[in-house]
Amino acid sequence: MYKIILKQQIVLFGFLLILCAVLSGCTYQEQSSEQKASPFPVVINHITLYGEPESVVSLADPITEALQSLGFSDKLAGINTDCELEGLDELPAAGTAEQPDITAILEIGPDLLITNIPLPTGNMEKLSEGGVKVLVLSEDESGYE
């Protein structure tokens with residue numbers, strides 16, 4: 001049991017490092033010039049981001065906490081209904097990973113929704129139609145075992 005929790009935390013940390021690079025607009029400097037190149041488009045877990053997400057909805061406390069720790073609190077546009085983290089009362093609730101409130105999520109209008117479990121296909125279709133990218137950060141989706 002302890003190994004499974006540790007493994008999930010390691011996988012989540014890896015994905016969050018990638019997400020950190022994406023959200024910060026990670027750039028690099030070429031050796032021969034001062035021009036900076038964009039890291040976009042970038043593919044993470046089968047979704048393509050064509051630009052830096054301006055607003056993010058998180059449906060899991062560990063993801064929300066990691067985004068805060070990485071300095072991306074200003075990107076948070078909505079949180080899970082059962083969020084137990086302090087200082088986020090002003091953000092709209094968007095349901096839970098198990099029961100996302102698709103109407104609320106679409107009203108918030110985030111560029112990116114991050115969850116820790118896959119959403120039902122019908123919900124994914126509605127979010128996609130509404131222009132919301134969904135990133136699932138779970139051990140099952142990571143390909144790691």
Item to check | Residues of segment 37-64 classified as in a loop (DSSP other than H, G, I, E, B), open to solvent by less than 30 Å² (accessible area, probe 1.4 Å) and either closer than 17 Å to Ser138 by Cα or aromatic (Phe, Trp, Tyr) (or both), total | outcome: 2
Checklist entry - Mind checking whether some residue in segment 11-26 is closer than 27 Å to Leu106 by Cα, open to solvent by 50 Å² or more (accessible area, probe 1.4 Å), at pLDDT 90 or above and within 13 Å of the chain's Cα centre (by Cα)? => result no
Next on the checklist: If the requirement is being under 16 Å from Ile47 (Cβ atoms), among the aliphatic types (A, V, I, L, M) and surrounded by 16 or more Cβ atoms within 10 Å (Cβ to Cβ), which of these qualifies: Leu67, Leu135, Leu88?
Outcome noted: Leu135
Next on the checklist: Among the numbered criteria (1) modelled with pLDDT under 95; (2) open to solvent by 40 Å² or more (accessible area, probe 1.4 Å); (3) touching a strand residue (DSSP E or B) at 6+ places or on another chain (Cβ under 8 Å); (4) of a type in the set (A, V, I, L, M), which one does Ala93 miss?
Outcome noted: (1)
Checklist entry - Exactly one of (1) at pLDDT 90 or above; (2) loosely packed, with under 10 Cβ neighbours inside 10 Å is unmet by Glu34. Its number? => result (1)
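The values are calculated or read from the model by the stated rules, or taken from the named source; none is laboratory data. Here the structure is a predicted model, which means the values were calculated and not measured. Because the Cβ atoms are built from the backbone with ideal geometry, glycine has one as well, and the counts that use them run over all protein chains shown. When the accessible area is computed, the model is the full protein with side chains, heavy atoms only, and any ligands, DNA or RNA have been set aside. Shrake-Rupley method; radii C 1.70, N 1.55, O 1.52, S 1.80 Å.
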